[in-house]
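**Student:** Would you mind keeping the following structure in view while I ask a few things?
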Amino acid sequence: DGYRNTNLYQGGREANQDDYRYQDGNYEGYTPNDGYYRGGDEPAHEEDAQSDVTEGHDEDDEVYEGEYQGIPHPDDIKEKQKKRAPAVDDEYRDRADLMAERMEDEEQLAHQYENIIEECGHGRFQWTLFFVLGLALMADGVEVFVVGFVLPSAEKDMCLSSSNKGMLGLIVYLGMMVGAVLLGGLADKLGRKQCLIISLSINAAFAFLSSFVQGYGFFLFCRLISGLGIGGSLPIVFAYFSEFLSREKRGEHLSWLCMFWMIGGIFASAMAWSIIPHYGWGFSMGTKYHFHSWRVFVLVCALPCIASLVALKFMPESPRFLLEIGKHDEAWMILKQVHDTNMRAKGEPERVFTVSYIKTPKQVDEFIEIQSSTGTWYQRWLVRITTVLKQVWDNVLYCLTAQYRMNTLMLAVVWFTMALSYYGLIVWFPDMIRYLQDEAYESRVKIFDEEEVSHFTFNFTLENQIHRNGEYRNDKFIGMKFKEVRFEDSLFEECYFEDVTSSETFFENCTIISTVFYNT
């Protein structure tokens, strides 16, 4: 303000611009009308003097004037409040704020984890895990194809109707749907490896048991629970494997992993072709218990599941899952194991794992546990089960939040259409073709009424015929086949059947006298 006061400046244009006189504590001289001061050399000397005084002086080293009086600095108070705030305020903070903080931590973890996996490299460990998880996926594929192969034999042993057969085919997929939601959700709470072992154990146990049960209802129940294990292991296998892969390898190796599903189908087909036709590969215990060749086939199909369970015991838990639940040290040890295994296989054992600290997200959910002295045993288990189911349901709802809703819906539509076309072709399409073939077959049926045949040898195939009120005496049926043949109200007297095979052939209300059936 002193410089802008024109009354303090005298001389105006007559005065020399460099000639300043101190008067009443103010400078007198020429000042332009723009309001800015333009001085000469003296202010520059003053700046130099000020810089000389402050040279080597650090503002951080300044002594706070209240320090000698015992008054803390305001900045120190703020720092202490920041450190104490999370421990005190987490209980009272809104869950949405905690989840937002956790999501921010997860984003940081995702970037860091990607760099760590790249440092671990891709090698022997990933290939070992590839074949172990491929065996688990192959076991699931085998169990899905089992029902289609055993239906023709099981419908005869259990006297199944068309609706029973349809339910037997449906029940496996129903179990898979429930298992995918339940066990897939549990994998985010209990661990990838642990839930995969649970899923495979359920599948193996009830697939093994289904080969021995005799009644249709119990067999249906066993296939339902087996489907629960199949559906649970399918999503876990891909999530488990992807968490050991870097971004550049992920899509390629997950696609290769799908190959084992088809290998499972080939294995099931080969076992069905080599076992089921041998009807004598079984045993009977009286008239109540029969163990035929198709049951041997069901038993053999459980072997890949058992083998994958044994191999999975030697694999570690997913380190990404351990970091998500705050188990930093365990995750670090597993990542170091992956790194050292791959480096030794590459001939570089001296390479050191350089990661020392990994970001862990903020823990929000807590597993509710009650003391053993509280309530009865079933009340404690009820609390545990209720808590787990609530966490699984929260996972489902999490997929429908604003951030993931569109991706979830789009992928659900894609997966639904793929499953509809795939399973529709392998389940519905063959039945439709068979129905059309049966209609055409029945339209060409040949009917023979009241025929009398004696002392004749049948050594050729009889197909698509109906014989009513016929009489066959001293006839031989040797080395022949009956295909879709029906004898109604007919008489067979002193006939001989040897090496005869048949399909869909029935003797209804027939009289058979002194007739021999050998290897037939």
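The values are calculated or read from the model by the stated rules, or taken from the named source; none is laboratory data. Quantities reported herein were computed from a predicted structural model and do not represent experimental measurements. Cβ placement follows ideal geometry from the backbone for every residue including glycine, while neighbour counts extend to all protein chains displayed. Surface areas here come from the heavy atoms of the whole protein model, side chains and all, with no ligands, DNA or RNA. Shrake-Rupley method; radii C 1.70, N 1.55, O 1.52, S 1.80 Å.
**Student:** Using a 10 Å cut-off on Cβ atoms, rank the peptides 387-398, 146-157, 256-267, 129-140 from the highest mean neighbour count down.
**Tutor:** For the peptides 387-398, 146-157, 256-267, 129-140, the packing ranking is 129-140, 146-157, 256-267, 387-398.
**Student:** When the dipole is taken about the Cα centre of the stretch 446-518, and only Lys, Arg (+1) and Asp, Glu (-1) are charged at their Cβ, what size is it in debye, to the nearest 20? Don't skip to the answer; put the middle values down first.
**Tutor:** Numbers: 7 positive and 16 negative charges, 52 e Å.
That gives a dipole near 240 debye.
**Student:** How many nm separate the modelled label positions at F238 and Q194, each set 7 Å beyond the Cα in the direction of the Cβ?
**Tutor:** 2.5
**Student:** Give, in nm to one decimal, the length gained when the segment between L174 and T376 is fully stretched (0.36 nm per residue of separation minus the Cα-Cα distance).
**Tutor:** Values: separation 202, 0.36 × 202 = 72.72 nm, distance 3.38 nm.
Using 0.36 nm per residue and subtracting the Cα-Cα distance, I get 69.3 nm.
**Student:** Suppose R0 equals 41 Å; then what is the FRET efficiency for H455 and F291 from their Cβ-Cβ distance, rounded to the nearest 0.05?
**Tutor:** On the way: r = 41 Å, r/R0 = 1.01.
Between H455 and F291 the formula returns 0.50.
**Student:** Placing one identical point scatterer on every Cα of the stretch 446-518 and ignoring solvent, what is log10 I(q)/I(0) from the Debye formula at q = 0.26 Å⁻¹?
**Tutor:** -1.47
**Student:** Right, something else. Using a 1.4 angstrom probe with every protein chain in place, what is the largest-first accessible-area order of Y496, Y435?
**Tutor:** Values: Y496 70, Y435 120 Å².
Correct descending sequence by accessible area is Y435, Y496.
**Student:** Next question, about the same structure. E119 to M262: extension gain in nm, 0.36 nm per residue of separation minus the Cα-Cα distance? Numbers along the way, then the final one.
**Tutor:** On the way: separation 143, 0.36 × 143 = 51.48 nm, distance 3.30 nm.
Full extension from E119 to M262 adds 48.2 nm.
**Student:** Related question: Mind giving me the nanometre distance, one decimal, between the label points for A110 and D438, set 7 Å out from Cα along Cα→Cβ?
**Tutor:** In this crude spin-label approximation the distance works out to 5.2 nm.
**Student:** For a label point 7 angstrom out from the Cα of V355 toward its Cβ, which stretches of the stretch 325-348 have the backbone nitrogen within less than 12 Å?
**Tutor:** Answer for this model: 328-340.
**Student:** Of K189/K390; K193/K359; K193/K249; K336/K359; K446/K483; K193/K313, which ones are farther than 18 Å apart at the Cα? It would help to have the intermediate numbers written out before the result.
**Tutor:** Numbers: K189/K390 11 Å; K193/K359 22 Å; K193/K249 21 Å; K336/K359 16 Å; K446/K483 12 Å; K193/K313 9 Å.
Among K189/K390; K193/K359; K193/K249; K336/K359; K446/K483; K193/K313, the Cα-Cα distance tops 18 Å for K193/K359; K193/K249.
**Student:** For labels at Y398 and L303 in the simple 7 Å Cα→Cβ model, what's the distance in nm?
**Tutor:** 4.0
**Student:** Continuing with the same structure: With all protein chains present, how much of the accessible area of the stretch 446-518 (probe radius 1.4 Å) comes from carbon and sulfur, to the nearest whole percent? Intermediate results must be reported in sequence, preceding the final value.
**Tutor:** On the way: 1950 of 4410 Å².
In the stretch 446-518, the share of accessible area belonging to carbon and sulfur is 44 percent.
**Student:** Here's a follow-up. How big is the accessible area of M406 in square angstrom, nearest 10, if you roll a 1.4 angstrom probe over the protein chains?
**Tutor:** Taking all protein chains as shown, M406 has close to 120 Å².
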